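Here's the structure we're looking at; comments come further down.
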Amino acid sequence: MISLADKLLTEIQALNKTPAEAWESVLSQKRFSSAVLSAAVLKLHNQKDYDNASEAIKAAIRHDQAQVWMYDVLALELKLANRPQKEIDRVLLSRIDFAAGDESQLLLTAAYMSRFEAYEQAINICKEAVKLNPTLPDTWAMARRTADRWQDVDAIIWSRIGTMNNVWGDNYEALHQEAETELRDLEATLTAAGNTAAASKVKEALIQGKIRDLRIRVVWSGDADLDLSVTTPHGNVCSYKSRRTVDGGMLIRESDGGKTSAKAGRHTEEFVCVEAASGEYKVKVRNIAGRVITGKAIVEVVRHENSDRQQSQSASINVGARNAELTVSLTNGRAAN
């Protein structure tokens, strides 16, 4: 069965015109889906017909059939066709205007670049998306897939450590463990291959990537709905209203009021800051509704978790009609104050 992309390419070839003229003739009169155009361009790319692929994309853009991925793929095709750098730079500037601040479009572009085996560009696009929203799981999933296809050690490290430090959804423990296991496997593979320098890089990245400067956990039993809020040394408040602060604090676990906990009668709210500023953190625990068994909750504090300076402590607090408040001090935080 001939695909729509094949039919399009056959039509272009039958015109017996230059690539620029042929694509102009067809795309000025017909519209094609992004999938058909990308498949046609990919076929031309695989045939190393970079000039033809470039003209296809340029005609699509001219005739209002542009997609964000086209700009990055066009820049790639122009580079392979040995076009002037100024022309390539103009294309990339146009993409910035076309897709400014749109993570989903950036991830779609990264996927297309990976299909064209432009893995370095795809990883760079993932890094752009991370700057817009570092906690988006889809970005890190794309980064991991791309890094694996590229088989670049630095990209694999970045994608796994980034996942461990930024993705804190409901299944974060399993996801973090998977990333750690993959890095340990990579270290073992590199060591077995005699690449001790790269293996050491992976090992050191994992050691540093597992450190969490500050973790604060509130644990209680009963049907009470407790809310944890933490005010950082910079005055930013991390709570259910704002689960992530600009200085890196995150509320990674929030109780639902004791109604659907997997552990009957035991509930948790948890704050973490991977790279925290030194100073005092104001902790507040508020009883919204319900009853805490014994009227007390446990506040667990871990400083410099997974490092040789790890310190753990816990304290019991009364949780009644009034808010419970305490101060947690941190020294030698890795973030700039």
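Quick note: the coordinates plus some simple rules give every number you see, no bench work behind them. Predicted model, so just to flag it, every value in this text is computed and none were measured. Using ideal geometry, Cβ is built from the backbone for each residue, glycine included, and neighbour counts are taken over all protein chains shown.
Each label was represented as a point 7 Å from its Cα along the Cα-to-Cβ direction; for Leu42 and Ala197 these points are 3.6 nm apart. Over 27 Å apart at the Cα level, from the set Lys86/Lys127; Lys79/Lys203; Lys210/Lys282; Lys17/Lys58; Lys201/Lys241, are Lys79/Lys203; Lys201/Lys241.
Near Tyr281, the amide H atoms lying under 5 Å from its own belong to Val328, Ser329, Leu330; only residues 5 or more places off or on other chains count, and H is placed 1.01 Å from N. The calculated 222 nm mean residue ellipticity attributable to helices in the chain amounts to -15500 deg cm²/dmol, summing -39500 (n - 2.57) over DSSP H runs of n ≥ 4 and dividing by all residues. Among Leu186, Leu136, the order by Cβ neighbours within 10 angstrom, fewest to most, reads Leu136, Leu186.
Couplings 3J(HN,Hα) of the stretch 132-145, computed from phi: 6, 8, x, 9, 6, x, 4, 5, 5, 5, 4, 4, 5, 4 Hz, in residue order, whole Hz [Karplus 6.51 cos²θ - 1.76 cosθ + 1.60, θ = phi - 60°; x for Gly and Pro].
Rounded, prolate or oblate: pick one for the stretch 104-209, where a ≥ b ≥ c are the square roots of the eigenvalues of its C-alpha gyration tensor, a/c under 1.5 means rounded, and failing that, prolate if a/b is larger than b/c, else oblate. Taking the square roots of the gyration eigenvalues as a ≥ b ≥ c, the stretch 104-209 is oblate. Taking label points 7 Å from Cα along the Cα-to-Cβ direction, Asn124 and Val246 give a separation of 2.9 nm.
For the chain, a Gaussian network of Cα nodes joined below 10 Å ranks Ala197, Ala110, Ala60 by mean-square fluctuation, and the top entry is Ala197.
3J(HN,Hα) along the stretch 238-245, derived from phi through the Karplus expression 6.51 cos²θ - 1.76 cosθ + 1.60 where θ = phi - 60°, amounts to 9, 7, 5, 6, 9, 6, 9, 9 Hz, with x in place of Gly and Pro.
Hey, in the GNM for the chain with a 10 angstrom Cα cutoff, which one of Arg253, Arg149, Arg83 fluctuates hardest? It is Arg83. A simple spin-label model places pseudo-atoms 7 Å from Cα toward Cβ; at Asp223 and Gln208 they are separated by 5.0 nm.
Among the trypsin sites (Lys or Arg not before Pro) within the stretch 42-131, which fall in a DSSP loop and have no more than 15 other Cβ atoms within 10 Å of their own Cβ? Answer in residue order: Lys48.
Between the C-alpha center of the stretch 298-337 and that of the stretch 133-152 there is a gap of 32 Å.
Springs join every pair of Cα atoms under 10 Å in this Gaussian network model of the chain, and among Thr146, Thr232, Thr294 the largest mean-square fluctuation is at Thr294.
Evaluating 6.51 cos²θ - 1.76 cosθ + 1.60 at θ = phi - 60° for every residue in the stretch 187-196, the Karplus couplings come out as 4, 5, 5, 5, 5, 5, 7, x, 8, 5 Hz, glycine and proline recorded as x. Within a straight-line Cα-Cα reach of under 18 Å, Lys7 can be paired with the following aspartates and glutamates, leaving aside sequence neighbours fewer than 8 residues apart in one chain: Glu21, Glu24, Asp49, Glu55.
With all distinct Cα pairs included, what does the Kirkwood hydrodynamic radius of the chain come out to in Å, to one decimal, could you say? Please list the in-between numbers first.
On the way: mean 1/r = 0.0427 Å⁻¹.
Answer for the chain: a Kirkwood hydrodynamic radius of 23.4 Å.
A DSSP coil position with no more than 15 other Cβ atoms inside 10 Å describes the following trypsin sites (Lys or Arg not before Pro) in the stretch 268-320: Arg291, Arg309.
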